[in-house]
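> So that we are looking at the same thing, I have put the structure below in structure tokens.
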Amino acid sequence: MNQQNDIRSRQRFENFKKALILYEEAIKPKLSRLEEEGVIQRFEYTFELAWKCLQDLLQERGYVEIRGPRPVIEQAFQDGIISNGPVWLQMLKARNETTHLYDESTFSDIIAQVRASFLSTLQNFRKQFPQ
């Protein structure tokens with residue numbers, strides 16, 4: 001990997017860590033609907049940075065043809081970079097659903113996942129990601 005890509009990968013991971021801090025700060029016991037929408041948005045961009053960090057790592061390891069979140073997540077899981085591939089795929093599905101979210105029950109389900117399993121999965125990713 002060339003130096004410019006290495007710098008970009010490090011910057012992306014630093015941006016991911018900053019985004020995760022903002023996401024963590026947004027999780028409070030009781031939130032208004034507007035605050036919940038903000039939490040969803042923080043989840044979306046934190047997840048986006050996370051899968052792109054995975055893509056950078058896979059490219060460093062020679063997987064230059066793998067592009068897009070689903071193939072990246074599947075390969076990272078297969079290679080043991082992430083241990084909870086099914087949760088990552090749930091995060092991808094939730095991220096895709098939040099783009100066109102008009103159903104209240106779906107919104108509530110996603111908020112519950114964002115608060116529980118998604119946050120802890122991204123926190124574990126921050127701890128385990130090779131730097």
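> In region 76-121, what count of residues is obtained for those that are surrounded by 15 or more Cβ atoms within 10 Å (Cβ to Cβ), closer than 28 Å to ARG61 by Cα and of a type in the set (D, E, K, R)?
1
> So, one more: Answer yes or no as to whether TRP88 is at pLDDT 95 or above and touching a Ser or Thr at 6+ places or on another chain (Cβ under 9 Å). Give the derivation first.
Details: at pLDDT 95 or above: yes; touching a Ser or Thr at 6+ places or on another chain (Cβ under 9 Å): yes.
In short, yes.
> Of the conditions (1) modelled with pLDDT of 90 or more; (2) over 16 Å from ARG12 (Cβ atoms); (3) aliphatic (A, V, I, L, M), ILE81 fails just one. Which one is it?
(2)
> I would also like to ask the following. Identify the residue in region 90-131 that is among the β-branched types (Val, Ile, Thr) and in a helix (DSSP H, G or I) and, among all such residues, is farthest from GLN55 (Cα to Cα). Let's see the steps before the verdict.
So in region 90-131, the residues among the β-branched types (Val, Ile, Thr) come out as 98-99, 106, 110-111, 114, 121.
Next, only the ones that are in a helix (DSSP H, G or I) stay: 98, 106, 110-111, 114, 121.
Numbers: THR98: 22, THR106: 29, ILE110: 25, ILE111: 26, VAL114: 22, THR121: 17 Å.
It comes out as THR106.
> Within region 1-40, take every residue that is among the polar types (S, T, N, Q) and in contact with a helix residue (DSSP H, G or I) (Cβ under 8 Å, 6 or more places away or on another chain) and give me the one that is modelled with the lowest pLDDT.
ASN5
> Let me ask something else. So which residues in region 48-80 are among the hydrophobic types (A, V, I, L, M, F, W, C), free of Cβ contacts under 8 Å to residues at least 40 places away in the same chain and outside any loop (DSSP other than H, G, I, E, B)?
Scanning region 48-80 gives LEU49, LEU54, LEU58, VAL72, ILE73, ALA76, PHE77.
> Another question, then. Among the candidates ILE21, ILE40, single out the residue that is among the hydrophobic types (A, V, I, L, M, F, W, C), exposed (fewer than 14 other Cβ atoms within 10 Å of the Cβ) and assigned to a helix (DSSP H, G or I). Even if it seems obvious, please write down each step before you answer.
Working: ILE40 fails: exposed (fewer than 14 other Cβ atoms within 10 Å of the Cβ).
Criteria check complete, one pass: ILE21.
> Does LEU22 satisfy the condition of being more than 11 Å from the chain's Cα centre (by Cα) and either small (Gly, Ala, Ser) or closer than 20 Å to ASN124 by Cβ (or both)?
Yes, satisfied.
> Continuing with the same structure: Pairs only if they're at least six apart or on different chains, beta carbon under 8 angstrom, first in region 15-42 and under 22 Å from LEU54 (Cβ atoms) and touching a residue at least 12 places away in the same chain (Cβ under 8 Å), second polar (S, T, N, Q) and exposed (fewer than 14 other Cβ atoms within 10 Å of the Cβ); list them, first residue then second.
LEU20/GLN123; GLU24/GLN123
> Among the residues that make up region 58-65, is at least one of them under 30 Å from GLN3 (Cα atoms), touching a Phe, Trp or Tyr at 6+ places or on another chain (Cβ under 8 Å), surrounded by 18 or more Cβ atoms within 10 Å (Cβ to Cβ) and not β-branched (Val, Ile, Thr)? Steps first, answer last, please.
Going residue by residue through region 58-65, those that are under 30 Å from GLN3 (Cα atoms) are 58-65.
Subsequent filtering for residues that are touching a Phe, Trp or Tyr at 6+ places or on another chain (Cβ under 8 Å) retains none.
No, region 58-65 contains no residue that is under 30 Å from GLN3 (Cα atoms), touching a Phe, Trp or Tyr at 6+ places or on another chain (Cβ under 8 Å), surrounded by 18 or more Cβ atoms within 10 Å (Cβ to Cβ) and not β-branched (Val, Ile, Thr).
The values are calculated or read from the model by the stated rules, or taken from the named source; none is laboratory data. Computed from a predicted structure; not experimentally measured. FYI the Cβ positions are ideal-geometry reconstructions off the backbone, even for glycines, and counts take in every protein chain you see.
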